[in-house]
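One structure, as structure tokens, below. Some questions next.
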Amino acid sequence: MTNYYRRLRDTPTDVLIRLARLYGTSTDYLLGLTQNPEPYK
């Protein structure tokens, strides 16, 4: 887990998608690419 915080590893895409679904947001919001937390329709 610490390797993610140190940026030695990236979060796998499938995990990122599952997290976005769990929190009801978009992957772009989780990645910091948008300030809008609303998921895409």
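Using only Cα atoms and rounding to the nearest 10 degrees, what angle (0 to 90) does helix 13-23 make with the longest principal axis of the chain?
Rounded to the nearest ten degrees, it is 50.
Please report, in Å, the Rg and the Dmax of the chain, where both are computed over Cα atoms only.
For the chain, the Cα radius of gyration and maximum Cα-Cα distance read 11.0, 34 Å.
Measure off 7 Å from each Cα along the Cα-to-Cβ vector at ARG21 and LEU8, then give the distance between these two points in nanometres to one decimal.
3.1 nm
Laboratory data are not the source of any read-out in this text; all were calculated from the coordinates shown. Here the structure is a predicted model, which means the values were calculated and not measured. For neighbour counting, all protein chains shown are included, and Cβ atoms are generated from backbone atoms with ideal geometry for every residue, glycine included.
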